[in-house]
Amino acid sequence: MTDPVALLSEYVRIDTSNPPGDCRRAAELLCGALRESGLSPVTFGARPEKPNVLCHAGGTEEPGLVLIHHMDVVPARAEEWSVPPFSAEVRDGFLYGRGTLDTKGLGVAHWCAALRAAKAGILRRKLFLVANADEEVGGVEGAEYFVRNLPFPIGAAYGMNEGGVGVTDIFGGGGKFFLLNMWEKGPVWMRLSASGRAGHGSRPSARDAPARLIRALTRVAELREPARLTEPVREMLRVLRAKGYVDLDVDALQRGAGEAEALEALVAKFPEIDPLVRNTYAVTTLAAGFKPNVIPASAEGTVDARIVPGEDPEEVAGRVRAMVADLNVPVEILFAEKPNGSPMGPLYGAMEEAILAVHPDAVVVPYMSTGFTDSRFFRSIGIPTYGLMPVLLPRAEHGKIHGVDERIPVAGIGEMTEIVYKLIEGWNA
């Protein structure tokens, strides 16, 4: 089965919600499509229900190309959706379903374009297809296990994964923008906790655990560090200035107050850039108490910080600790990764050419994602990896990723597949 809409429909109907993240049926579907075309995929994983798929689609020369996506999806509450989330229903030109955007649609584009390229006999350079399990819960049993237990060497290669987007209403309105993910901010997940006396709700004290925790979390949530320029954002703004979308000349900026002032003026005009020029801090969970009239003896909350290149997770957590030290609220790091990325290289140009072949009026922009992906694992073994789901959507549609009524334009599935094919074709020219 190599029709992308049909394959995606069948793929979406397989519930790979993580947790528990059972991807066995999904791997069987993908491997079946490869075997029907005469290829020999390999599956391997930390556990049977968490298989990873690797297939050499053809080619002998290096550097090769590795096309990466993940099979697992976040859970969906059916009662919140307008259609069953795993029905792959087509309505008003959209295919609905959990995973259509993150990232089963991308995987189908990879699969169908690669099979077309193999059939056309154009594969001079090595081409690999990868489907990982476990991405939605950190990738330990997915991409991390995958790169540490490769059944055969990949060799010199570049990777394409998720992380970038195509968007039609950004940077001042009209236009088609493809944000090619070169870098990713680093996550620092922290738990703040407070303990104290338990007591009656009618006798509150400023020393109560919930009261101190609330004050601590308020300080963190309101923290807005000065804007600063990092090299990934500098590259993005150079391209946008060359294309006439921003006026700021980043190469003329002087570090310090002048830089911060110029960047603040820029983000006031383009709010999308704001999280790219500073660390961000979001309060994500709260837990305390069991009865309205009882002051609990303990309370805790979590903060999701995303840090820019040049920052160290321990130093960021140290600054948060100092902010709340007077409140006697300990800060513990639950999970952290340093920002990571790949340098501008030949794959960027090949991707730009592929996009322009399908959307000649588009603008390709090097981008730093505010989220993090499995790309960090591939980068860790020397595979420069970029990220892009090359389908054009209004900004509001991207908000459906991990949300309600996730969907993809039916026409966009074919366009995305064509872009991936053009990439493979250009890489092998």
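The values are calculated or read from the model by the stated rules, or taken from the named source; none is laboratory data. Note that the structure is a prediction, hence the values are computed from the model and not measured. Methodologically, a virtual Cβ is constructed for each residue, glycine included, from the backbone with ideal geometry; neighbour enumeration extends over all protein chains shown.
Using the structure shown, decide if Thr16 is among the β-branched types (Val, Ile, Thr), modelled with pLDDT of 95 or more, surrounded by 22 or more Cβ atoms within 10 Å (Cβ to Cβ) and in contact with a His (Cβ under 7 Å, 6 or more places away or on another chain). I'd like the intermediate steps shown before the answer.
Numbers: among the β-branched types (Val, Ile, Thr): yes; modelled with pLDDT of 95 or more: yes; surrounded by 22 or more Cβ atoms within 10 Å (Cβ to Cβ): yes; in contact with a His (Cβ under 7 Å, 6 or more places away or on another chain): no.
Taking the combined requirement at face value, the residue does not satisfy it.
Which residue out of Ala194, Ala252, Ala209, Ala227 is closer than 30 Å to Gly164 by Cα and surrounded by 16 or more Cβ atoms within 10 Å (Cβ to Cβ)? I'd like the intermediate steps shown before the answer.
Working: Ala194 fails: closer than 30 Å to Gly164 by Cα; Ala252 fails: surrounded by 16 or more Cβ atoms within 10 Å (Cβ to Cβ); Ala209 fails: closer than 30 Å to Gly164 by Cα.
Among Ala194, Ala252, Ala209, Ala227, only Ala227 is closer than 30 Å to Gly164 by Cα and surrounded by 16 or more Cβ atoms within 10 Å (Cβ to Cβ).
If you check Val246 against the conditions, is it touching a residue at least 24 places away in the same chain (Cβ under 8 Å), in contact with a helix residue (DSSP H, G or I) (Cβ under 9 Å, 6 or more places away or on another chain), in the same structural domain as Gly310 (by TED's automatic domain parsing) and in a helix (DSSP H, G or I)?
Numbers: touching a residue at least 24 places away in the same chain (Cβ under 8 Å): yes; in contact with a helix residue (DSSP H, G or I) (Cβ under 9 Å, 6 or more places away or on another chain): yes; in the same structural domain as Gly310 (by TED's automatic domain parsing): yes; in a helix (DSSP H, G or I): no.
Against the criterion (touching a residue at least 24 places away in the same chain (Cβ under 8 Å), in contact with a helix residue (DSSP H, G or I) (Cβ under 9 Å, 6 or more places away or on another chain), in the same structural domain as Gly310 (by TED's automatic domain parsing) and in a helix (DSSP H, G or I)), Val246 does not qualify.
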Is it the case that Arg98 is under 25 Å from the mean Cα position of the chain (by Cα) and at pLDDT 95 or above? yes
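Quick check on my filter: what residues within region 1-18 are over 24 Å from Leu150 (Cβ atoms), in a loop (DSSP other than H, G, I, E, B) and within 24 Å of the chain's Cα centre (by Cα)?
Hits for region 1-18 are Arg13, Ile14, Asp15.
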Which count do you get for residues in region 103-123 that are surrounded by fewer than 24 Cβ atoms within 10 Å (Cβ to Cβ), in contact with a helix residue (DSSP H, G or I) (Cβ under 9 Å, 6 or more places away or on another chain) and not in a helix (DSSP H, G or I)? 2
The residue from Gly371, Gly341 that alone is of a type outside the set (Val, Ile, Thr) and surrounded by fewer than 15 Cβ atoms within 10 Å (Cβ to Cβ) is Gly371
Failed condition for Gly174, given (1) within 30 Å of Arg395 (Cβ to Cβ); (2) assigned by TED's automatic domain parsing to the domain that holds Leu393; (3) of a type outside the set (D, E, K, R); (4) without any contact (Cβ under 8 Å) to a residue 12 or more places away in the chain, with all others met? (2)
Just checking, does region 255-267 include any residue being of a type outside the set (D, E, K, R), at pLDDT 95 or above and farther than 30 Å from Gly174 by Cα? no
Among the residues of region 153-161, are any farther than 25 Å from Glu61 by Cβ, out of contact with any Lys or Arg (no Cβ under 9 Å at 6 or more places or on another chain) and outside the structural domain of Leu327 (by TED's automatic domain parsing)? no
Residues of region 105-127 satisfying the condition of being within 25 Å of Arg13 (Cα to Cα) and in contact with a strand residue (DSSP E or B) (Cβ under 7 Å, 6 or more places away or on another chain): Gly105, Leu106, Gly107, His110, Trp111, Ala114
Which pairs turn up if I take residues in region 105-127 that are under 21 Å from Gly155 (Cβ atoms) and look for partners that are part of a loop (DSSP other than H, G, I, E, B) and of a type in the set (Ser, Thr, Tyr) with beta carbon separation below 7 Å, at least 6 apart in sequence or on another chain? Ala118/Ser37; Lys126/Thr60
Can you report the number of residues in region 128-164 which are out of contact with any strand residue (DSSP E or B) (no Cβ under 8 Å at 6 or more places or on another chain) and of a type in the set (A, V, I, L, M)? 3
Kindly evaluate Glu231 against the criterion of being acidic (Asp, Glu), outside the structural domain of Phe372 (by TED's automatic domain parsing) and without any contact (Cβ under 8 Å) to a residue 24 or more places away in the chain. no
